[in-house]
1. Using packing as a proxy for protection, rank 94-101, 170-177 so that the peptide with the highest average count of other Cβ atoms within 10 Å comes first.
2. Could you work out how far apart the two model spin labels at LEU53 and ILE17 are, taking each label as a point 7 Å from the Cα in the direction of the beta carbon, and quote it in nm?
3. If you line up the long axis of helix 44-57 against the longest principal axis of the chain, both from Cα atoms, how many degrees apart are they, to the nearest 10?
4. Quick one: Karplus J couplings for the stretch 145-151, per residue in order, coefficients 6.51, -1.76, 1.60, θ = phi - 60°, nearest Hz, x for Gly and Pro?
5. Could you state the angle between the C-alpha long axis of helix 262-278 and the longest principal axis of the C-alpha atoms of the chain, as a value from 0 to 90 degrees rounded to the nearest 10?
6. Could you state the number of Å between the C-alpha centres of the stretch 225-258 and the stretch 111-128?
7. Looking only at the stretch 97-118, which residues have a backbone nitrogen under 20 Å from a spot 7 Å from the Cα of PHE26 in the C-beta direction?
8. Which value at 222 nm does the chain reach when only helices count, each DSSP H run of 4 or more adding -39,500 (n - 2.57), with the total divided by all residues and rounded to the nearest 500 deg cm²/dmol?
Amino acid sequence: SICWYDNAFLPEEEVRISPYDRGYNFGDGIYEVFRVYGGRLFEAEAHFERLRLSAEGLKLALPWGIEGLRAAMSELVERNALSEGTVYLQITRGVAPRNHLFPAGAAPVALAYTREVARPVQAMDQGISAITLEDIRWLHCNYKTLNLLANVLAKQEAAERGAADAVLHRNSTVTESSASNVMIVKDGVLVTHPANNLILHGVTRAVTLRLARAAEIPAEERPFSLDELYGADEAFVTGTTVEITPIVSVDGRKIGDGRPGPLTRRLQREFSAAIGLEQ
Ligand code: PLP
């Protein structure tokens, strides 16, 4: 397929990445994953705003401007005739001899590609199992950086233990999962970790909270414990690719009756409707 690399659209075989790109040497960069529904970027505005904040957090310049990036992503979707899938965009601090200090002359390098992906209907319908793990990440989880080792290790451990995902916690406070945000429902109230430095401020999280408010479902953004997760009536993850996916068991214990709950179902329906509306 066609990639956008260093300001040009070119076939993936022609992308030549420098061994001295700081993305490789230091993980010195940021990224976004956009969902494309019906050929259009879903919640583009929110993703670009988060990208801007991530860049600011890493003191990384965006010489294209958000408008330039936005135009490039739309053109990439068009060139690949992508209808249902994702766009991956990453920006590194550029190419320079290896040295921790920011390079003086280097320009940031952007890479973007698309992928055809269907909605994860089976997981959304049946729910997934999760394990819990200590959240060992740094304290700027609100920046979407290329440094994903802790997330990679968590997801791998989940798989090796027969689970679909890992829910992370700091001293028994649930933060988020390896690649999505976590919400629980107790006595009709939706609860999710506050959008501070300990979690990624998920676009899908924000959409879900908005849908909950519109549906007059009470929602609280506050820390909650592992015990509250185990004892929840319902639990689910939110994310660009997983949308709203129920968690039906955690560490081998059933959540509620072990099936996706009614409030989760309601929000899933609202979410599907929201996708339709944006198109
Ligand atoms: N948390 C982490 C660690 C993630 O990697 C992601 C990415 O999908 C999310 C949460 C969910 O964010 P979003 O809904 O913007 O995709």
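1. Per-residue mean Cβ counts within 10 Å order the peptides as 170-177, 94-101.
2. Label-label distance for LEU53 and ILE17, simple model: 2.7 nm.
3. Roughly 70 degrees between the two axes.
4. Here the 3J(HN,Hα) series is 9, 6, 6, 10, 4, 4, 5 Hz.
5. Rounded to the nearest ten degrees, it is 30.
6. The distance from the Cα centre of the stretch 111-128 to that of the stretch 225-258 comes to 18 Å.
7. Taking a point 7 Å out along Cα→Cβ of PHE26, the residues of the stretch 97-118 whose backbone N falls under 20 Å are 97-111.
8. Helix-only estimate at 222 nm: -9500 deg cm²/dmol.
Computed from the coordinates by the stated procedures, all read-outs in this text should not be read as laboratory data. Keep in mind that what you see is a predicted model, and the values were worked out from it rather than measured. With ideal geometry, Cβ positions are generated from the backbone for all residues, glycine too; neighbour counts draw on all protein chains shown.
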